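Student: One structure, pasted below without further comment.
Laboratory data are not the source of any read-out in this text; all were calculated from the coordinates shown. As the structure is a prediction and not an experimental result, all values here were calculated from the model. Note: ideal-geometry Cβ built from the backbone for every residue, glycine included; neighbour counts use all protein chains shown.
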Amino acid sequence: MPTKKSTKKAAKKTAVKKTAAKKTVAKKAATKTATKKVAATKTPAKKASAKKVATQQPTKTTIIANVDVGFGNSLYIRGEGAVGLSWDKGMALENVSPYEWVFTTTSAKNTVTFKFLINDEAWAEGENLSVKAGGTSVSSPIFSW
């Protein structure tokens, strides 16, 4: 019978050794989790730099003309200072209401100098108009036809 008691004690000692080995593995897993948290804190710094890039968008320059050009006619603009504008050929403005015409651009770098035309033929009276890049010009051109 004495041999049976020693067998039970040996089995208990083996179980204790296995439990100790499991604790070491748990500590290593906890260390790995801590390093992952450090990597996660670096991610918001990238988002902050993305916001800075988003705020550096091109400025919008807007030219608005309040005028009645008559049924079936369109208002054009000629000038310089923005991509697409020239003094040789006009660009059509967008008709947003019965008496309001709009031209917008994001390509202006400095001042945009311009003049209005009806159907890209009849020039508005007066001097050339201008607006700084990123600004808005609202005018009421006068035409003699």
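Student: So Leu129 passes all but one of these: (1) in contact with a strand residue (DSSP E or B) (Cβ under 7 Å, 6 or more places away or on another chain); (2) more than 11 Å from Ala65 (Cβ to Cβ). Which condition number does it fail?
Tutor: Every listed condition holds for Leu129 apart from (2).
Student: Hey, could you check region 106-126 for residues that are touching a residue at least 40 places away in the same chain (Cβ under 8 Å) and part of a loop (DSSP other than H, G, I, E, B) and say which is nearest to Gly70 (Cα to Cα)?
Tutor: Asn119
Student: Can you name the residue in region 122-138 that is polar (S, T, N, Q) and under 30 Å from the mean Cα position of the chain (by Cα) and, of all such residues, is surrounded by the fewest Cβ atoms within 10 Å (Cβ to Cβ)?
Tutor: That would be Thr136.
Student: Restricting attention to region 62-105, and to residues there that are assigned to a strand (DSSP E or B) and without any contact (Cβ under 8 Å) to a residue 12 or more places away in the chain, which single residue is surrounded by the fewest Cβ atoms within 10 Å (Cβ to Cβ)? Steps first, answer last, please.
Tutor: In the first step, residues of region 62-105 are kept if they are assigned to a strand (DSSP E or B); the result is 62-66, 75-80, 91-92, 94-97, 100-105.
Those still in the list that are without any contact (Cβ under 8 Å) to a residue 12 or more places away in the chain too: 94, 96-97.
On the way: Glu94: 11, Val96: 10, Ser97: 8.
For region 62-105, the residue satisfying everything is Ser97.
Student: Residue by residue through region 108-121, note down the ones that are surrounded by fewer than 14 Cβ atoms within 10 Å (Cβ to Cβ) and within 23 Å of the chain's Cα centre (by Cα).
Tutor: Lys109, Asn110
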